[in-house]
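Report on the structure given below.
The values are calculated or read from the model by the stated rules, or taken from the named source; none is laboratory data. Predicted, not measured: the structure shown is a model, and the values here were computed from it. Using ideal geometry, Cβ is built from the backbone for each residue, glycine included, and neighbour counts are taken over all protein chains shown.
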Amino acid sequence: MFLEEITGDIKPESDKLECKAVLNREDVVDWLKSIAGFANASGGDFYIGVEDKTNKLIGFDRKAADNERNYFNNQVNEHLTPRPQMKILFLSYEMRGNERFIIKVSIEESTI
């Protein structure tokens, strides 16, 4: 299953869209740059649980999705000041009879 199937009109990765299968714990700076870049430009969407390049859904079970969201929030709070304005949503889909989740982070353009 692909991102386009649950969101509609998704385009390939661009300056407004980035996808990560999981958040890299070894290179936090890499994905935090994307979050800061969206805020410093005109905003954008950052998906977690989606392969970059292919937009294939990897997803998480509910507990793993909660853990990934909490890790994301902790890293943003620790490293980005001021914290960018953003909305975090879980998008659900079914795979082989199991409910799975991806995380959509919509980052707003900074007003600073």
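Taking only region 15-44 into account, find how many residues are assigned to a loop (DSSP other than H, G, I, E, B) and of a type in the set (K, R).
Taking region 15-44 as the starting set, the residues that turn out to be assigned to a loop (DSSP other than H, G, I, E, B) are 15-16, 21-27, 41-43.
Still in the list and also of a type in the set (K, R): 16, 25.
Total satisfying the criteria: 2.
Does I58 satisfy being surrounded by fewer than 19 Cβ atoms within 10 Å (Cβ to Cβ), without any contact (Cβ under 8 Å) to a residue 24 or more places away in the chain and among the hydrophobic types (A, V, I, L, M, F, W, C)? Here the answer is no, as I58 does not meet what is asked.
Within region 50-67, being outside any loop (DSSP other than H, G, I, E, B), more than 13 Å from the chain's Cα centre (by Cα) and of a type outside the set (D, E, K, R) holds for A64, N67.
The conditions are (1) at pLDDT below 95; (2) touching a Lys or Arg at 6+ places or on another chain (Cβ under 9 Å), and K11 fails exactly one of them. Which is it? Failing condition for K11: (2). Please find, among Y47, Y71, the residue that is surrounded by 14 or more Cβ atoms within 10 Å (Cβ to Cβ), hydroxyl-bearing (S, T, Y) and not in a helix (DSSP H, G or I). Selected residue: Y47, the only one of Y47, Y71 that is surrounded by 14 or more Cβ atoms within 10 Å (Cβ to Cβ), hydroxyl-bearing (S, T, Y) and not in a helix (DSSP H, G or I).
Here T81 passes the criteria (1) polar (S, T, N, Q); (2) outside any strand (DSSP E or B); (3) under 23 Å from E4 (Cβ atoms) except the one numbered (3).
Pairing each residue of region 19-31 that is closer than 16 Å to E51 by Cα with any residue that is among the polar types (S, T, N, Q) and buried (at least 19 other Cβ atoms within 10 Å of the Cβ), provided the two are 6+ apart or on different chains, yields C-beta distances under 8 Å for C19/N55.
When you look at R25, is it loosely packed, with under 14 Cβ neighbours inside 10 Å and either over 15 Å from the mean Cα position of the chain (by Cα) or of a type in the set (D, E) (or both), yes or no? Spelling it out, it is not the case that R25 is loosely packed, with under 14 Cβ neighbours inside 10 Å and either over 15 Å from the mean Cα position of the chain (by Cα) or of a type in the set (D, E) (or both).
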